[in-house]
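So the structure is just underneath, and the comments pick up after that.
The values are calculated or read from the model by the stated rules, or taken from the named source; none is laboratory data. This is a predicted model, so every value here is computed, not measured. So basically every Cβ, Gly included, is an ideal-geometry build from the backbone, and we count neighbours across all protein chains shown.
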């Protein structure tokens, strides 16, 4: 539902809004809300560094990633990103 | 004495109004941007001006003079006497909201012929709701810490001057604040995060209850324990039963459940006695 700005509400709508104050705690924040905000702000104020170690064993890469980072073969999944590591001796 | 005129702060735009509305009607649905807009909206409303009885006051000054001074002492006193802070506090909070609304009509602080007064009443009711919610949480925490036998010094909420003290409490030389939500971390100015720890909470929609937790500077956490797991964004934890560490604005923080934090602090204080 699209909200109408305070200065565009009818008197009845505005009275209805005032009735709602106190029914909810202000800034009721869930854990995902908090994490999303933190993540959004953090991206602005800091660079997120994820360190990976990859070593060549025979003909394939073995990737050592921190807990929480999914590794499938030579692919590393970080959030919605799929990062593919390839080895070349060129 | 009716409100004579209102001058809203320059920069108060529709997105700020929408963020304020959302925080009243459906706070959980607010996006990170809307939460940021809400903080800006409150700052802009606090600095907006109202002329009353020949005096020019900011909205924040108006709130302090006519709302805070009239209602907070009696609200805090009622909470301190209450055995059921949450239920009793909610009832008292709503009762006072109704009293404030009636006062706005009676004194002509809210005038249909002066539509800008809508912003004054909306700000005062919103701000009262926020203050009252904060005091309720703070008293719950103080009561729980005392019951647990933890040694701490707290500001006296019955004293107006102490309600605005630098820190809400000090534990083993660490200063802390009690925040009824994590909104304070939404301010991307780490200089504002000047305390060693923050006792706060998040809302669990599925269980319809709050979970208390603590965000602490990692050097303070290292004093009392030290073991943490790194928080790997964006794969965040489902709770804080295991302390997790994260970097924010160049500072390392630890988030941990309130219960674990309290147990560690008690152990730390006992070790200090030996």
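Overview of values
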read-out	value
Where residue B:258 falls short, out of the listed (1) buried (at least 20 other Cβ atoms within 10 Å of the Cβ); (2) farther than 30 Å from residue B:70 by Cα; (3) modelled with pLDDT of 95 or more	(1)
Test: residue in the stretch B:184-193 that is in contact with a helix residue (DSSP H, G or I) (Cβ under 9 Å, 6 or more places away or on another chain), farther than 19 Å from residue A:40 by Cβ and more than 9 Å from every other protein chain (Cβ to nearest Cβ)	no
Residue check, residue B:206 surrounded by fewer than 16 Cβ atoms within 10 Å (Cβ to Cβ) and over 22 Å from residue B:31 (Cα atoms)	no
Extreme residue, modelled with the lowest pLDDT, among residues of the stretch A:19-35 that are facing chain B (nearest Cβ under 7 Å) and over 16 Å from residue B:205 (Cα atoms)	A:22
The stretch B:209-233, residues that are free of Cβ contacts under 8 Å to residues at least 40 places away in the same chain, buried (at least 17 other Cβ atoms within 10 Å of the Cβ) and within 14 Å of chain A (Cβ to nearest Cβ)	B:210, B:228, B:231, B:232, B:233
Failed item, numbered, when residue B:129 is tested on (1) over 30 Å from residue B:264 (Cβ atoms); (2) surrounded by fewer than 21 Cβ atoms within 10 Å (Cβ to Cβ)	(2)
Output for the stretch A:14-35, where each listed residue is over 25 Å from residue B:128 (Cβ atoms) and buried (at least 17 other Cβ atoms within 10 Å of the Cβ)	A:31, A:35
